[in-house]
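Worksheet: the structure to be examined is printed underneath.
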Amino acid sequence: IITIIHYRNQYEYTNIPVKLPKLININDTTPKLSPQRFWGTYRSNLYFGIKHRSARSLSGGLMWFDYNKLQQSNDRFLRHWCDQNDHLKYGWTYHDGETFGIEQIYDDNLHLNVQWLKQINGEHGGDWTTRINVTPQSQNRTIPISLFFYFHHDLPWIDEISSISDESPDLITIRGQTNELDGFTIKIKLNTQTNQIITRTLTDIFQLDKIHENLLTKLTTNSYEQPYILLIDQSFKDFEHNTFFIQLTLKQPLVNEIFSFDIIYQSDSSNNERQQDLTGYYFNEEINRLQKQFDERFENIFQLKTKQNMDIKKIHFAKSILSNLIGGISYFTGKSLVAKQNQKIPDEYWTTSLYTAVPSRSFFPRGFLWDEGFHNLLIARWNKNITMEILSHWFDMLNDNGWIPREVILGDEARARVPNEFIVQYTNNANPPTFFLTIEYLLKTNSNNHLFNLSFIQRLEKWYQWYNHTQYGSQPLTYRWRGRNSSSIYELNPKTLTSGLDDYPRASHPTDLERHLDLRCWMTLASTIIGKLYTIINNNEQTNKYLNYAQLLLNNEQLDQLHWSEQYGMYADYGLHTDYVQLQRVPIGKPNPQQPQQPQPTHLIRQVIRQSDLNLKYVKHFGYVSLFPLMIRILNPQSSKLEKILDDLQNPNLLWTQYGLRSLAQTSSLYGIRNTEHDPPYWRGAIWINMNYMILSALQHYAKTPGPYSDKARQIYGQLRTNLITNMFRVYEKTGHIWEQYDDKTGHGQGSHPFTGWSSLIVLIMSELYDE
Ligand code: 6A9
């Protein structure tokens, strides 16, 4: 038997790029080579933001507020960055990732409908128009509303601004130029007659380093002190200006009357090909045409009309969710901060750019490694090219050891959203290699196609070997997530952030002897996929090496020896463990004899309450981890273990709820339990959609594969699918969002929202698209 040699080398450097050809070359994202994805709504952390795929970009953004809010409180009145505390419903109802998008935003006193549409001509990514339709909602006719749109570039770019004229339909015209864009014109045009609604306009230009801090401060202080006189009369020629903004104030909005304006961007290099300006009725027609095209393509791919119990509303729900995942795709450039374990001062990674979807526009607007593999299961159905570019960007982040950061935080805007203690990425930390799921899907549907070239495969192998070298267990064919804190005194169960399942309970005492079932299963999948990739380029030697190794990991007897607990009747982790741990309140320090009356401060410390029980054993916590041999389809269809798992799945005392499968069994000693004083339960009971998707996918597989339990698998599959769809749709109708997790007792959405990352897999669940 050929096995894979596991060696440990000295991982000396954190920030040297791997010595393999890059997948995205310097020109690949330029308007010449990929005009269709040059401009985009790639600042998805904004309610509406736009930029292009260049390291330095002209960036645009929308902001607004109503004066009622401003007067009531001096915080949270300006809408700009998506923020849960704004309590808004918002999201894309259409977005195809390339050509157009339509977003609805519901604020208390106004509704916004933002339509964005691109036309590709010329050499610099073509033209686009953003139409902003505002419907005031307030019954109070005297509440003014202000809308802003701004453009910013790090370097000066404005050549000329036309004067404002109330009569002219073209409110204002800006001429500008940057290295990336060459010459261009921006027109801001009111679509509504100015005599219908009293407007007041303001423009300003200035010099800014950072949009997110300075512009906000500038605007808010000015607006707050002098709500009606905003014009800061800067002399145009005094300085080199790199920021432009316009304010439109509706002084007496009429209820339900629409106010509308267009931001029209025109590249000089499109001038010869442009038939007419992308505005007016022509814009409507184009949007309508693209909507129709989207609807048809959506039905072709997802075929929801053919499914039972799918009414118009559910189909609309599915379209919005897909659009939100796609509309969340962003483009970041900057340097990650990375460090080896125990390294005090972090190193800067080289400058990288990342094209990626994000888990949540409001809360986590940046790249997350294992989330992205799930995102692309859906994105790839819609547009394989987008997925291939996303994958390529991620694999270009490989360092010379074969490591990719778990969280990719690039640029000021992304960094501003992360608390300091979470910014540095540690080069010994892994995260599940879910890209193998995406690649598995791509391989099944494109076997003859040349999606994967040698450089791609070599990078993937390098990545694979990093896991294999650094996360290998102390026994053959076992694996262990690194990065658990064995000296932690506050945590009831030291976290395993690297596994993606954070506080999901593992062995109570982290040691080198631990065996992590989920990681072993991920490596089984990964080995198979690397083997299959090598068949594409006819490398028999490599193919055999990996597929043979996969066979070892797939062997059910081997698996059972390492991970099946006969006593508990489940697959489990193994390690130094006891369930007899508790958080106990103990005083901090010694009592102060000078002040005996003063109550002494206390904190909670983890205590082992039965030392004799602390020994090497299977970890008795039934939940998502126990299901991995099912999820990755390692279990033989004939296995009696499969029957046991299927029975356990249906047991409401364990994982089954009418809203989906919960993460941890109600019988587990850590079910719903806080990990520390300040750490509420996260993966200890809540329902997560990525795992439910994998379970459904596996159930469908076992239902289709002949075997003694196929009927049982089919029946559970059907009920679980219905439960998930019904609940997520219900919560969406009620709250306007899909959520990070769902409460296992009530079905309510919880955690961050909107969370159109992996929760968007509900679209694949609705359409029953799993691995074919
Ligand atoms: C906290 C707070 C504004 C946690 O979806 C991304 C990840 C998953 O990969 C992981 O499996 N989420 C899951 O357990 C969210 C992680 C957010 C960490 C950053 C900073 C920001 O406050």
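Considering only I687, Q582, P432, the residue lying farthest towards the positive end of the dipole of the chain is Q582, judged by Cα position with unit charges set on Cβ. Quick check: from the Cα gyration tensor, does the stretch 608-676 come out rounded (a/c under 1.5), prolate or oblate? It comes out oblate by the Cα gyration axes.
Summing charges over all other residues whose Cβ lies under 12 Å from the Cβ of N431, with Lys and Arg as +1 and Asp and Glu as -1, gives -3.
Two numbers describe the Cα atoms of the chain: Rg and Dmax, which are 27.8, 87 Å. Charge tally for S34 (other residues, Cβ to Cβ under 11 Å; Lys, Arg +1; Asp, Glu -1): 0. Note on the stretch 96-160 and the stretch 294-318: Cα centroid distance 28 Å, given to the nearest whole angstrom.
Among V581, V608, a tally of other beta-carbon atoms within 10 Å of each Cβ gives an order, fewest to most, of V608, V581. Ranked by how many other Cβ atoms sit within 10 Å of their own Cβ, fewest first, the residues C521, C82 fall in the order C82, C521.
Spin-label model, E566 to R274: label points 7 Å out along the Cα-to-beta-carbon direction sit 7.8 nm apart. Residues whose amide H lies under 5 Å from that of K89, counting only those 5 or more places away or on a different chain, are Y106; hydrogens are built 1.01 Å from N in the peptide plane. Taking the chain as the reference, fit the longest principal axis to its C-alpha atoms, fit the long axis of helix 312-327 to the helix C-alpha atoms, and give the angle between the two in degrees, 0 to 90, nearest 10. Value to nearest ten degrees: 90.
Here the dipole of the chain is about 1920 debye; that uses its Cα centre as origin and unit charges on the Cβ of Lys and Arg (positive) and Asp and Glu (negative). With neighbour counts taken as other beta-carbon atoms within 10 Å, the residues V424, V418, V763 rank, fewest first, as V418, V424, V763. Amide H contacts under 5 Å for L46: C82, restricted to partners 5 or more places along the chain or on a different chain, H placed in the peptide plane at 1.01 Å from N. Taking the C-alpha atoms only, the angle from helix 435-445 to the longest principal axis of the chain is near 80 degrees.
On the basis of the beta-carbon distance and an R0 of 45 Å, K19 and S487 show a calculated FRET efficiency of 0.75.
With axes computed from alpha carbons, what is the tilt in degrees of helix 710-735 against the longest principal axis of the chain, rounded to the nearest 10 within 0 to 90? Helix 710-735 sits roughly 30 degrees off the main axis of the chain. Spatially, the stretch 540-619 and the stretch 319-340 are offset by 33 Å when compared through their Cα centroids. Here the calculated FRET efficiency for T306 and R714, from their Cβ-Cβ distance with R0 = 22 Å, stands at 0.75, rounded to the nearest 0.05.
Anything over 27 Å Cα to Cα? Flag those among K314/K495; K335/K444; K19/K545, in the order listed. Long pairs (Cα-Cα over 27 Å): K314/K495; K335/K444.
Annotation: amide H-H contacts under 5 Å for H603 (H modelled 1.01 Å from N, sequence separation of 5 or more, or interchain): V586, I588. The phi torsions of the stretch 611-628, fed into the Karplus equation with coefficients 6.51, -1.76 and 1.60 and a -60° offset, translate into couplings of 4, 4, 7, 7, 8, 6, 6, 6, 8, 8, 9, 7, x, 3, 4, 5, 8, 4 Hz, rounded to whole numbers, with Gly and Pro shown as x.
I'd like the distance separating the alpha-carbon centroids of the stretch 674-698 and the stretch 262-286, in whole Å. Cα centroid to Cα centroid, the span is 48 Å.
Since every read-out is calculated from the coordinates, none of them should be taken as a lab result. What you see is a predicted model, and the numbers here were worked out from it, not measured in a lab. Because the Cβ atoms are built from the backbone with ideal geometry, glycine has one as well, and the counts that use them run over all protein chains shown.
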